[in-house]
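FYI, it's all coordinate maths here, none of it is from the lab. Just so you know, these numbers come straight off a predicted model, no measurement behind them. Note that each Cβ is placed from the backbone with ideal geometry, even for glycine, and that neighbours are counted across all protein chains shown.
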Amino acid sequence: MPINRVQFQPGLSMFEFMQRYATLAQCEAAVAAARWPDGFVCPRCQGRVVWSFRRGAQAYRECVGCGYQCSLLAGTLFQSSKLPLTVWFMAMQLLSQAKNNVAALELMRQLGVSYPTAWLIKHKLMESMRLREQDRQLHGRVEIDDAYLGGERSGGKPGRGSENKVPFVLAVQTIGPKNKPHQVCVQQLPFRKEAVAEFCTRHLVRPLTVVSDGLSCFTAAADAGVHDRIVTGGGSASAKHPEFQAVNIMLGNLKTAIAGTYHAFRFAKYAPRYLAEFQFRFNRRYRMAEMLPAMLRAILAASPCPLAAVRTPEVPC
Ligand SMILES: [Zn+2]
């Protein structure tokens with residue numbers, strides 16, 4: 001039996017992690033390198049000569065030419081955090097290298113922080129992943145289906161609009177003659193034609209062949225300019241259709257990942273973040289060793305996120 005490429009890849013071992021990110025100085029150097037890969041350039045005078053200094057726990061850069069000062073963490077999701085960078089890096093390591101998702105409760109134990117702190121770390125990291133993945137585009141052969149979390153394809157409360165269920169659309173770009181899952185795009189979405197059309201326009205690009213189960217809302221794909229469609233037919237039969245294998249594999253993976261880690265928590269309120277975390281991790285599954293730097297770039301690209309905004313997912317932060 002061939003080995004599983006994802007499971008047997010080396011990743012970033014804890015030993016390597018400790019060699020690279022054990023101290024505050026190492027973490028600050030990693031942030032500076034990620035933030036200014038070509039070196040710091042003064043936004044006021046474009047000067048490149050800076051010196052570094054500390055004020056309290058914060059590291060700063062000051063332009064020698066004009067005196068402009070800039071905190072290393074200003075303008076990023078780290079900005080208002082009182083936690084040492086070393087804790088953030090350890091959280092990124094735990095989240096990026098675990099086989100399955102890591103819940104805030106597990107972070108609390110591993111990091112030795114309070115539950116509210118662990119929750120905040122987890123949600124800020126997930127929010128940065130959501131922002132990073134929000135423009136993901138798929139092309140080629142794409143299987144697309146809708147489903148609910150909190151309910152199953154068949155069973156649960158009747159009706160597609162049942163309460164307490166999170167409706168979402170899952171699109172899977174496949175690869176090779178066996179149509180294996182390659183990249184995914186998953187989004188909480190009301191099953192309305194306009195919403196699905198917008199999803200298709202934003203996330204699917206030509207050349208494109210869409211495989212769908214022919215639900216009425218997926219006529220939206222045609223409206224969005226997708227002409228090459230394979231319709232498998234709706235209902236439970238579509239779940240077993242060979243043309244629909246990749247999307248069904250991913251639906252299974254997604255439900256296992258969510259149910260296994262987050263069953264005790266209010267999933268529905270923060271569903272876009274949990275779905276984005278799944279998408280972020282899956283789309284980088286062959287590059288586990290690079291996932292921590294990828295998370296770092298995502299968090300540096302995200303704007304500062306006040307506590308109220310983290311707790312109010314309807315207001316993107
Ligand atoms: Zn300057």
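Per residue, the average separation of C-alpha pairs within less than 8 Å and at least 6 apart gives the stretch 1-91 a relative contact order of 23 percent. Using a cut-off of 32 Å between Cα atoms, the listed pairs K99/K193; K122/K165; K122/K178; K82/K165; K99/K178 include K99/K193; K122/K178; K82/K165 as exceeding that distance. Each peptide in 11-21, 111-121 was scored by the mean count of other Cβ atoms within 10 Å over its residues; highest first, the order is 111-121, 11-21.
With a cap of 12 neighbouring Cβ atoms within 10 Å, and only residues DSSP puts in a loop, list the trypsin sites (Lys or Arg not before Pro) found in the stretch 46-129. Hits after loop and neighbour filter: K82, K99.
The protection proxy used here, the mean number of other Cβ atoms lying within 10 Å of each residue, ranks peptides 75-81, 62-68, 141-147 as follows, highest first: 141-147, 75-81, 62-68.
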